[in-house]
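A.B. asks: Handing you a structure now.
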Ligand SMILES: Nc1ncnc2c1ncn2[C@@H]1O[C@H](COP(=O)(O)OP(=O)(O)OP(=O)(O)O)[C@@H](O)[C@H]1O
Ligand SMILES: [Mg+2]
C-alpha cells in the first residue's frame with residue numbers, strides 16, 4: 001500500500017468547537033468564520049456531553065477541544081472524545097502556561113495543541129489541516145500494518161502446510177508399500193489357511209480392517225499433497241449436491257437427521273472438477289453428521305451473491321484480495337450440532353487437526369477440502385451459528401462462460 005499525502009488545504013471543513021469560556025469561543029468562532037474559504041460549517045458545544053451529542057449526529061473533520069469543561073477535566077476530556085470518535089482529529093486548545101498539558105494531550109491521542117492567546121488565524125488553520133492530515137496518515141498506517149500482519153500470518157500458514165505436506169507425502173510413500181504387503185498377506189492367509197482356533201477369523205479380520213484404515217489415511221495424505229491440477233467443466237451446483245447427497249443419505253436416515261434443501265433455482269453455473277467438489281461436499285456433510293448426536297437437522301442452502309456480501313456474512317476466509325464486486329455462488333451447510341469452540345475455529349483446516357481422535361477422526365478431511373477449494377480458486381469458511389451448531393460456506397466464483 002502506498003501512502004498518499006493529499007492536499008487537504010483546498011477542502012472546506014466542518015468543525016466542532018468544545019469550549020465553555022464565552023470569550024475564547026467568540027474568538028475562535030470569529031477567526032474561523034473569517035476564513036470562509038476554509039470553514040464550511042461550524043458548531044459549538046459548551047460541555048463534553050454536548051460535544052458527544054453533536055458528534056453522534058454529524059460528521060466533523062476536526063474538533064477544537066478545551067481540556068477543562070464543566071463536565072470533564074484534563075486528559076480525560078481527550079479520552080472521552082477519542083473513545084467515542086476514534087477517527088476524529090482532535091486539536092486541543094489549552095490555557096496559557098499549560099504547554100505541558102498540551103503535550104500530554106498529544107500523548108493521549110490528540111493530534112496537536114494550541115495555546116490560547118498565542119496563535120493567529122493562519123496558525124489555527126494550519127494546525128487544523130495538519131491534524132487532519134496526521135490522522136489520515138495514521139489511519140492508513142494502521143490499515144497497512146493490519147494488512148501486513150494478515151499477509152505474514154498467511155505466509156506462515158502456507159509455509160507450515162508446505163512442510164507438513166512434504167513430510168506427510170514422504171512418510172506416505174514409504175508406508176504405502178509395506179501396507180500393501182500386509183493387506184495382500186492377510187487376504188492370502190484368510191483364503192489359504194484354515195484353523196481350528198475360533199479366534200483366528202476375528203484376528204485376521206481385525207488386521208485387515210486396521211490395515212485398510214491405515215491405507216485410507218495414506219491415500220488421503222497422498223491426495224492432499226498430490227493434487228496439483230483440476231479438470232473443470234461447467235456444472236449446476238444444485239445437481240452436484242444432490243448427487244453427493246444420494247451417496248450418503250442412508251447415513252442421515254440411520255441417525256434420524258433431517259436434510260432440508262433450500263436451493264436457489266437458476267443459479268449461474270460454476271466451473272469445477274465435479275469429482276473433487278463431490279469429495280468436498282461429502283466431507284463437509286460427514287462432519288456435520290458427526291457434530292450431531294441424533295435427531296438433528298442439516299440445512300443446505302445455495303444462492304448467488306457477491307464477494308463483498310460473502311466477506312460480511314460467511315466468517316473469515318482468505319479471499320481478502322478478491323474484488324468485492326466479484327459474483328459468487330455459495331453453498332452453505334448448516335447443522336445444529338455441537339458447534340466449533342472459538343479457539344479451535346482457525347485450526348480446523350490444518351492437516352491432522354481433529355477433536356474426534358478417540359472416535360477415529362484423523363483430521364485430514366478439511367485439509368483435503370481446503371486444498372481442493374484452493375485449486376479451484378474458491379474459498380471455504382466456517383462459523384458458529386447464533387444459536388447452536390456450525391455453518392460451513394463454500395464460495396465459488398461464478399463462471400464467466402455460462
Ligand atoms: N460441522 C462441524 N461441527 C463441529 N465441528 C466441526 C464441524 N466441521 C468440522 N469440525 C471440527 O473440525 C475438525 C477437523 O475436521 P476434519 O474433517 O479435518 O477432520 P475430522 O473430521 O476430525 O477427521 P477426518 O479426517 O475423518 O475427516 C473436526 O475434528 C471438528 O472438531
Ligand atoms: Mg472430517
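A.B. asks: Work out how far the C-alpha atoms of the chain reach from end to end along every principal axis, then list the three figures in whole Å, largest first.
C.D. replies: Its Cα atoms span 109, 46, 40 Å along the three principal axes.
A.B. asks: Also, I was wondering about something else. Between residue 173 and residue 134, what is the FRET efficiency for a Förster distance of 45 Å, r being their Cβ-Cβ separation, to the nearest 0.05?
C.D. replies: Values: r = 58 Å, r/R0 = 1.30.
Efficiency for this residue pair is about 0.15.
A.B. asks: Now for a separate question. Rounded to whole Å and sorted largest first, what semi-axes of the equivalent ellipsoid does the C-alpha gyration tensor of segment 98-221 yield via the square root of 5 times each eigenvalue? Intermediate results must be reported in sequence, preceding the final value.
C.D. replies: Values: eigenvalues 1218, 41, 14 Å².
After scaling each eigenvalue by five and taking roots: 78, 14, 8 Å.
A.B. asks: Give me the angle, in degrees from 0 to 90, between the Cα long axis of helix 75-84 and the longest principal axis of the Cα atoms of the chain, rounded to the nearest 10.
C.D. replies: Roughly 50 degrees, rounded to the nearest 10.
A.B. asks: Another question, if that's okay. Do you know the relative contact order of segment 151-226, to the nearest whole percent, from alpha carbon pairs under 8 angstrom that are 6+ apart? Don't skip to the end; give the middle numbers.
C.D. replies: On the way: 31 pairs, mean separation 38.8, N = 76.
Computed over segment 151-226, the figure is 51 percent.
A.B. asks: Continuing with the same structure: Once both labels are modelled 7 Å past Cα along the beta-carbon direction, what's the residue 346-residue 306 spacing in nm?
C.D. replies: Each label point lies 7 Å from its Cα, and together they span 2.9 nm.
A.B. asks: Further, regarding this structure: Between 0 and 90 degrees, rounded to the nearest ten: what's the tilt of helix 121-192 against the longest Cα principal axis of the chain?
C.D. replies: 10 degrees
A.B. asks: Tell me, in nm to one decimal, what length is gained between residue 122 and residue 213 on full extension, where the rule is 0.36 nm per residue of separation less the Cα-Cα distance? Walk me through the intermediate numbers first.
C.D. replies: On the way: separation 91, 0.36 × 91 = 32.76 nm, distance 7.95 nm.
Taking 0.36 nm per residue and subtracting the Cα distance, the gain is 24.8 nm.
A.B. asks: Still on this structure, I have one more. Arrange the following residues from fewest to most other Cβ atoms within 10 Å of their Cβ: 26, 136.
C.D. replies: Values: 26 12, 136 17.
Result, fewest neighbours first: 26, 136.
A.B. asks: How big is segment 284-402 in terms of Cα radius of gyration and Dmax, in angstroms?
C.D. replies: Rg, Dmax (Cα atoms, Å): 14.5, 46.
A.B. asks: Sticking with this structure for a sec: What per residue convex hull volume, in Å³, do the alpha-carbon atoms of segment 76-150 yield? Could the numbers behind the result be given before it?
C.D. replies: Details: hull volume 6.4 nm³, N = 75.
Roughly 86 Å³ of hull volume per residue.
A short reminder: the numbers here are calculations on the coordinates, not readings from a lab. The structure presented is a predicted model; accordingly, all values stated were derived computationally and were not measured. Positions of Cβ are generated from backbone atoms using ideal geometry, with glycine treated the same way; all protein chains shown enter the neighbour counts.
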